[in-house]
Amino acid sequence: MSNSTATPLNEQRTVQQRVAALLEQMTLAEKIGQMSQRNASEGYAPEYLADGLRAGVIGSVLNVVDVDSVNELQRLAVEESRLGIPLMVGRDVIHGFKTIMPIPLGQAATWNPDVVRDGARVAAMEAATAGINWTFAPMIDISRDPRWGRIAESLGECVLLTSELAVAMVEGFQTDDLAATGSIAACAKHFAGYGTVESGRDYATTNIPETKLRNVYLRPFNAAVDAGVATLMTSFSDLNGIPATANDFILRQVLREEWGFDGFVVSDWDSIRQLQIHGLTANDKDSAFEAVAAGVDMEMAGDAYSKHLEELVMEERVDMDVIDQAVASILRAKFQLGLFENPYTDPAKLPAIANENAMQTARQAALESVVMLKNDNDVLPLAISSLESVAVIGPLADAPYQQLGTWIFDGDIDLSVTPMHAIHSLIGRDVDVRYVRAMENSRSKVSPSFDEAVEVAAGSDAVILFLGEESILSGEAHSRADISLPGDQAELVRRIRATGKPVVAVILAGRPLTLTNMVDEVDAILFAWHPGSMGGPAIADLLFGIESPSGKLPATFPRMVGQIPIYYSQKNSGKPPSWDKIAHIDDIDSRAPQTSLGMSAFHLDTPFTPLFPFGHGLSYARFDYQNLWTSAREVKFGGTLTIGVDLSNHSEVAAVEVVQLYVRDVVASVTRPVKELKGFRRVQLEPGQTVCVEFELHTDDLSFYGRDMRKTVEAGEFHVWIGGSSATELRTEFWIVGE
Ligand code: BGC
């Protein structure tokens, strides 16, 4: 058991041998213990768990973040139990531990895997100081429904963007050596389909046809598995009639058999016992049976496994092999994490919390996450030299907690630098900065403070409005049916607009919002998500032109809720809409025959386009795309095509553009989306510079799951676009040829 310094292959074998040797010594109770995770949050002090730890019937704990308590729990497990098996110590470290990065949806708006990886690295090192060795992240549920509160935790609507950023997050948490100090196990969640719950109501049902499941929702998980993610978590939701926590199709057939996953699967919080509430089982015992049979290796927080698995094995309903496989996969992770060698945490061996690198990483992530949605007459950036005064107004200008966003159990509010403070430090010496909060919170109604805000705005040279949602309005169990600005914010905007001053809106929110009723009332909009600890300085740098915005939308912004789901990779339908094939509700003659109206896939009461498309985001530079080319008109199966474009910066500003490559498979045996992102790259351009941006496209990149549910690439015509958003019209064609 000790020669672990040999080649990687030997190491691998050594882990297997060590797992096998340990398994042989374990009683059934000890095995089931490894499959049971206990809540150890406040009120569940070590003493409460001590008996179970000594008996070796607890394999993991979650929600304890005090390093002394964690070390004590490990000591009880390692030194006082018969076999001395260390604990997995889990925690939701979703977008930072103490230093908070932008919410994951904001991180996705950076389109920058490096920034995302760096953020996860900082989070892992900070969390490791508390003895945490396992995070329940990344959340990689594709979501095309901004009503869903958990879209904040997701990486957006796109398969490719989510997959690439998921891999980056896994790499950041785990590094290439799980046993290294400061590496923690990642958990890709929620497997699978959770992002498409009906009407965006959290926990509701999902119904996803298998082709869509495979072509969309499962793909990021496949990418995470290929990247070596240590664990997966099941979803709370029902998937096609079988709740994900009992869904053997995804957990056994797809995950284990097709993808060869050898990590372990944890349930969501008590989601095994919830199988009964779903109506799948009659009692906890049957729930334990369904979950373990489907391949859920560890139960989070509940007690269905600890109470019933033993009996199920005795009754021979559950085979001992099933138990052994589950336990082996958990033990493997513990060996890979090096926990048997190093169960204890010494925070002094890790970098300090919130060190300069951590804060700089948070600032860079926030900077790149901000999306400039509009900028009429180049009102932004605001020129410090031409301003004497600026009004800073709104409930989110100076709200250190709110800017952190959802899922920040351990986030340190004292680290938050608010926009208000950052603006003061940046321009306070030269410009009179006048702050009026105007609303107690984002949901407040009209009050006399509105009058004060209008008065201050009217007397200032420009107005910066900080609007949006408080963090509590998104996240788990916080879905909304109306996703416009809450409270009377739109009224505040209208009143400020009436002053005639230039108005810039900075919106902090956990989801795409419907901004239709305010978008024309402001000159510019910076959409900043919940930007985390360093949101303030990042926003100030953008407002005053120290930096240029480079974020791009990772999710479509609808005009109104009734358009949802609206996303860029939709199917064409047999009657796609176009401007000459639609009618507007206000123009209809009520006696006109039905067929005289537009006969296409549109709504009578809103344009068929979104307010802002996926991939949209403006810059202070002016970018121009020309000369789209492919290295050949035809490519054979297995071949690679180069696709390029000339990108110019016709401005005086150096800036980054996210160049996006989209493809459409024109004719296929199952219909394909009108556009799918197949590549993206952040490109820095100096003023006046032109560069040729190239992408390599392999025919495998064009694969999809067809009628027989196998991955296939089909010959024929493909359209390809390159541009600065999914609405780009710069297009050419190529063909895949051959057998
Ligand atoms: C959430 C998970 C989370 C778990 C543990 C659940 O309610 O759905 O995403 O990891 O709680 O906190």
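The values are calculated or read from the model by the stated rules, or taken from the named source; none is laboratory data. Bear in mind that the values here come from a model prediction, so they are computed numbers and not experimental data. Glycine gets a Cβ as well: all are built from the backbone with ideal geometry, and neighbour counts include every protein chain shown. The area values use the complete protein model at the heavy-atom level, side chains included, leaving out ligands, DNA and RNA. Shrake-Rupley method; radii C 1.70, N 1.55, O 1.52, S 1.80 Å.
Determine whether the range 80-92 contains at least one residue that is within 16 Å of the ligand (Cβ to nearest atom), within 30 Å of residue 681 (Cβ to Cβ), surrounded by 22 or more Cβ atoms within 10 Å (Cβ to Cβ) and not basic (Lys, Arg).
No, the range 80-92 contains no residue that is within 16 Å of the ligand (Cβ to nearest atom), within 30 Å of residue 681 (Cβ to Cβ), surrounded by 22 or more Cβ atoms within 10 Å (Cβ to Cβ) and not basic (Lys, Arg).
Please determine, by comparing only the residues of the range 698-723 that are touching a residue at least 60 places away in the same chain (Cβ under 8 Å) and open to solvent by less than 20 Å² (accessible area, probe 1.4 Å), which one is farthest from residue 374 (Cα to Cα).
Per the criteria, the residue is 706.
Considering only strands (runs of 3 or more DSSP E) fully contained in the range 631-681, which possess at least 1 residues that are of a type in the set (S, T, N, Q) and open to solvent by 40 Å² or more (accessible area, probe 1.4 Å)? Walk me through how you get there before you give the answer.
Numbers: elements: 634-636, 640-649, 655-665.
Answer list for the range 631-681: 640-649.
Of the numbered conditions (1) over 17 Å from residue 293 (Cβ atoms); (2) away from the ligand (no atom under 13 Å from the Cβ); (3) of a type outside the set (Asp, Glu); (4) open to solvent by less than 10 Å² (accessible area, probe 1.4 Å), residue 239 fails exactly one; give the number of that condition.
Of everything listed in (1) over 17 Å from residue 293 (Cβ atoms); (2) away from the ligand (no atom under 13 Å from the Cβ); (3) of a type outside the set (Asp, Glu); (4) open to solvent by less than 10 Å² (accessible area, probe 1.4 Å), residue 239 misses just condition (1).
One residue is enough: does the range 299-308 have a residue meeting the conditions closer than 18 Å to residue 194 by Cβ, under 26 Å from the mean Cα position of the chain (by Cα) and among the hydrophobic types (A, V, I, L, M, F, W, C)?
Looking through the range 299-308, at least one residue is closer than 18 Å to residue 194 by Cβ, under 26 Å from the mean Cα position of the chain (by Cα) and among the hydrophobic types (A, V, I, L, M, F, W, C).
Quick one: is residue 390 β-branched (Val, Ile, Thr), assigned to a loop (DSSP other than H, G, I, E, B) and open to solvent by less than 70 Å² (accessible area, probe 1.4 Å)?
Numbers: β-branched (Val, Ile, Thr): yes; assigned to a loop (DSSP other than H, G, I, E, B): no; open to solvent by less than 70 Å² (accessible area, probe 1.4 Å): yes.
The answer is no for residue 390.
Would you please list the contacts, defined by Cβ atoms under 9 Å and residues six or more apart or on different chains, that run from a residue in the range 675-687 that is in contact (Cβ under 8 Å) with a residue 12 or more places away in the chain to a residue that is open to solvent by 60 Å² or more (accessible area, probe 1.4 Å) and assigned to a loop (DSSP other than H, G, I, E, B)?
Close Cβ pairs satisfying both conditions: 675/570; 687/650; 687/652.
Suppose we filter the range 48-61 for residues that are within 16 Å of the ligand (Cβ to nearest atom) and farther than 10 Å from residue 87 by Cα; how many remain?
0
Does the range 487-511 hold any residues that are open to solvent by less than 10 Å² (accessible area, probe 1.4 Å) and part of a loop (DSSP other than H, G, I, E, B), and which are they?
509, 510, 511
Given the criteria farther than 18 Å from residue 24 by Cβ, surrounded by 23 or more Cβ atoms within 10 Å (Cβ to Cβ), in contact (Cβ under 8 Å) with a residue 24 or more places away in the chain and not acidic (Asp, Glu), does residue 350 qualify?
The answer is no for residue 350.
Kindly indicate whether residue 311 is over 21 Å from residue 236 (Cα atoms), among the acidic types (Asp, Glu) and part of a loop (DSSP other than H, G, I, E, B). Spell out how you get there, then give the answer.
Working: over 21 Å from residue 236 (Cα atoms): yes; among the acidic types (Asp, Glu): yes; part of a loop (DSSP other than H, G, I, E, B): no.
Answer is no for this residue.
What are the residues in the range 454-482 that are assigned to a helix (DSSP H, G or I) and in contact with a Leu (Cβ under 7 Å, 6 or more places away or on another chain), if any? First the steps, then the outcome.
Residues of the range 454-482 assigned to a helix (DSSP H, G or I): 454-458, 471-473.
Within the range 454-482, 471 is the sole residue that qualifies.
Every residue in the range 682-694 that is buried (at least 16 other Cβ atoms within 10 Å of the Cβ) and over 21 Å from residue 114 (Cα atoms), please. Explain how you work it out, then say what you get.
Start the filter on the range 682-694 by keeping residues that are buried (at least 16 other Cβ atoms within 10 Å of the Cβ), which leaves 682-683, 685, 691, 693-694.
Residue satisfying the conditions is 691 alone.
So, in the range 165-216, of the ones that are touching a Ser or Thr at 6+ places or on another chain (Cβ under 7 Å), closer than 16 Å to residue 240 by Cα and in a helix (DSSP H, G or I), which residue ends up most open to solvent (accessible area, probe 1.4 Å)?
198
Do we have residue 141 as under 30 Å from residue 278 (Cβ atoms), outside any helix (DSSP H, G or I), touching a helix residue (DSSP H, G or I) at 6+ places or on another chain (Cβ under 8 Å) and open to solvent by 10 Å² or more (accessible area, probe 1.4 Å) here?
Numbers: under 30 Å from residue 278 (Cβ atoms): yes; outside any helix (DSSP H, G or I): yes; touching a helix residue (DSSP H, G or I) at 6+ places or on another chain (Cβ under 8 Å): yes; open to solvent by 10 Å² or more (accessible area, probe 1.4 Å): no.
In short, no.
Restricting to the range 364-387, give me the number of residues that are buried (at least 22 other Cβ atoms within 10 Å of the Cβ) and either among the charged types (D, E, K, R) or assigned to a helix (DSSP H, G or I) (or both).
5
Out of the residues in the range 265-295 meeting the condition of being within 14 Å of the ligand (Cβ to nearest atom) and assigned to a loop (DSSP other than H, G, I, E, B), tell me which one is surrounded by the most Cβ atoms within 10 Å (Cβ to Cβ). Working first, answer last.
Step one: of the range 265-295, the residues within 14 Å of the ligand (Cβ to nearest atom) are 265-274.
Applying the additional criterion that residues be assigned to a loop (DSSP other than H, G, I, E, B) yields 267-273.
On the way: 267: 30, 268: 25, 269: 18, 270: 17, 271: 30, 272: 32, 273: 22.
The selected residue is 272.
Are any of the residues in the range 687-694 in a strand (DSSP E or B) and within 24 Å of the chain's Cα centre (by Cα)?
Quick first cut of the range 687-694, residues in a strand (DSSP E or B) only: 690-694.
Restricting the remaining residues to those that are within 24 Å of the chain's Cα centre (by Cα) gives none.
Among the residues of the range 687-694, not one is in a strand (DSSP E or B) and within 24 Å of the chain's Cα centre (by Cα), which makes the answer no.
Being touching a strand residue (DSSP E or B) at 6+ places or on another chain (Cβ under 8 Å) and within 14 Å of the ligand (Cβ to nearest atom) is the filter here; which residues of the range 185-203 pass it?
Across the range 185-203, the qualifying residues are 185, 186, 187, 188, 189, 190, 191, 192, 193, 194, 197.
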